[in-house]
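The values are calculated or read from the model by the stated rules, or taken from the named source; none is laboratory data. Keep in mind that this is a model prediction, so the values were computed, not measured. Every residue, glycine among them, receives a Cβ derived from its backbone with ideal geometry; neighbour counts consider all protein chains shown. Only protein heavy atoms, including side chains, enter the accessible area calculation; ligands, DNA and RNA are left aside. Shrake-Rupley method; radii C 1.70, N 1.55, O 1.52, S 1.80 Å.
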Amino acid sequence: MRAADTTGRSAGDDPFDEGGTGILRQPMAVWATAGASVVAFMGIGLVDPILPSIAKGLHASNSQVSLLFTSYFLITAVAMLVTGFVSSRIGGRKTLLAGLALVVVFAALSGTSSSVGELVGFRAGWGLGNALFVSTSLAVIVGAANPIGASRSDSARGGGGRRAGSAAAILLYESALGLGMACGPLLGAVLGDMKWRYPFFGTAVLMAVGFIAITALLKEQPRPARKTSILDPLKALGHGGLASAAVSAFFYNYAFFTVLAFTPFVLDMSPYKSGGVFFAWGVLLAVFSVLVAPRLQERLGSLKVLGGSLVLLAADLVVLGYGNHTTAVVCTILSGAFIGLNNTVFTELALGVSDAPRPVASAGYNFVRWFAAAAAPFLAPKIEEWTDIHVPFVVAAVAALAGAAIVAVRRRALTVRAHDLEPRHATEDGVSVFAD
């Protein structure tokens with residue numbers, strides 16, 4: 001068997017082996033969590049096609065409306081420090097449900113906003129709920145996933161079946177991300193074309209359905225042996241590999257959310273047309289996350305895929321910024337392919353590169369990278385005001401190249417035989433199999 005690369009993949013660990021059904025053979029609890037994750041990620045891109053409509057309806061400027069992303073992700077980033085603290089004390093299931101409940105409340109309140117200030121505030125509360133849900137859902141999906149091609153005893157020893165099962169679970173999570181990113185703008189366009197408030201109410205209803213599904217299908221998981229402190233995610237960043245992955249992802253996320261939050265103003269299209277563009281973008285994101293990334297990682301290795309994809313994303317952003325309207329539409333859609341590749345590899349690096357328990361490593365990694373997601377929507381319109389419409393994309397391209405440079409320079413720190421860490425992850429995560 002070929003030695004595992006930076007994510008622990010080997011030729012025998014492909015989650016699409018055995019007729020391509022490995023990723024599909026999961027407990028209902030996993031599917032319920034993944035389904036709610038789809039809706040959670042829909043909330044990120046939901047406002048994309050209706051940003052101009054919100055600005056018009058609330059008499060706000062582009063930079064003011066962009067604060068919908070900034071407040072959301074700023075709170076999400078800070079909340080990452082407390083998600084492990086909360087879940088290790090009240091349990092993963094209760095944490096998921098608390099996050100879903102907050103999203104339902106604040107999404108509904110967002111639809112009632114009478115000013116951009118109110119809407120920004122409600123989005124911040126929405127971000128808190130999303131942080132509690134998303135950070136815990138990844139650990140739950142990975143922990144509850146069925147092993148592939150191995151017995152339970154083999155899984156308990158950290159065998160290949162558990163590694164492949166974990167890989168399949170991560171891909172299922174990335175599928176939820178991609179599907180949510182694709183459907184969010186579409187839902188925003190369909191409901192937002194009637195009234196900009198309706199997408200917020202629609203999200204509240206869908207998350208309420210997710211709340212009911214998880215309540216019915218997900219059992220409480222075993223608590224970790226040691227309770228997580230607020231400082232544990234920061235301590236985990238003391239690992240050179242995890243810190244390198246987080247900083248590289250910080251620059252990547254700046255580029256990612258320049259596309260997501262600033263491009264709708266540049267395209268200046270109707271909600272339906274903008275929703276169609278970002279739906280196609282999300283479809284590419286999902287396909288490249290789930291189907292293309294694993295195969296490229298097998299052939300080239302994770303770090304080559306990541307570095308190359310970041311460079312291609314930078315080139316795409318420059319062409320997007322300086323091309324005509326048609327070129328901008330094509331490059332916006334095409335960026336979904338590079339973003340999909342990056343999302344999968346970065347997620348696997350964050351979970352496998354260090355010896356920290358997965359929820360702690362994920363929290364520290366997300367704490368760093370979500371600050372860029374908060375900064376880009378605010379800075380891109382400001383940069384346009386200070387310079388011109390092209391420069392925000394140049395800055396985003398430079399950020400993507402910075403991420404690629406970190407991957408190249410810190411290659412040794414990012415390279416780990418992840419299968420050697422698997423037994424420790426399995427015993428320390430507190431997310432071992434608990435679903436029927």
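Numbers below:
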| read-out | value |
| --- | --- |
| Test for Ala350: is it surrounded by fewer than 24 Cβ atoms within 10 Å (Cβ to Cβ) and in contact with a helix residue (DSSP H, G or I) (Cβ under 8 Å, 6 or more places away or on another chain) | no |
| Residue check for Met207: modelled with pLDDT of 85 or more, among the aliphatic types (A, V, I, L, M) and open to solvent by less than 20 Å² (accessible area, probe 1.4 Å) | yes |
| Positions within region 362-395 being open to solvent by less than 60 Å² (accessible area, probe 1.4 Å) and within 15 Å of Ser248 (Cβ to Cβ), in sequence order | Gly364, Tyr365, Asn366, Phe367, Val368, Arg369, Trp370, Ala372, Ala373 |
| Residue match in region 115-129 (condition: of a type outside the set (S, T, N, Q) and more than 19 Å from Ile44 (Cβ to Cβ)) | yes |
| Selected residue (criterion: farthest from Trp370 (Cα to Cα)) from residues of region 103-132 that are within 19 Å of the chain's Cα centre (by Cα) and surrounded by fewer than 23 Cβ atoms within 10 Å (Cβ to Cβ) | Gly125 |
| Top-ranked residue of region 62-78 - restricted to ones that are aliphatic (A, V, I, L, M) and in contact with a helix residue (DSSP H, G or I) (Cβ under 7 Å, 6 or more places away or on another chain), ranked as surrounded by the most Cβ atoms within 10 Å (Cβ to Cβ) | Val65 |
| Meets criteria (over 20 Å from Lys382 (Cα atoms), over 19 Å from the mean Cα position of the chain (by Cα) and not basic (Lys, Arg)) for Gly35 | no |
| Filter result for Val38 (modelled with pLDDT of 80 or more and open to solvent by less than 10 Å² (accessible area, probe 1.4 Å)) | no |
| Answer from Gly178, Gly202 - the residue that is open to solvent by less than 30 Å² (accessible area, probe 1.4 Å) and in contact with a Ser or Thr (Cβ under 6 Å, 6 or more places away or on another chain) | Gly178 |
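The rows are residues; the columns are (1) open to solvent by 10 Å² or more (accessible area, probe 1.4 Å); (2) touching a residue at least 40 places away in the same chain (Cβ under 8 Å); (3) over 21 Å from the mean Cα position of the chain (by Cα).
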position	(1), (2), (3)
Phe265	yes, yes, yes
Ser270	yes, yes, yes
Gly275	no, yes, no
Leu285	no, yes, no
Val290	yes, yes, no
Gln297	no, yes, no
Ser302	no, yes, no
Leu310	no, yes, no
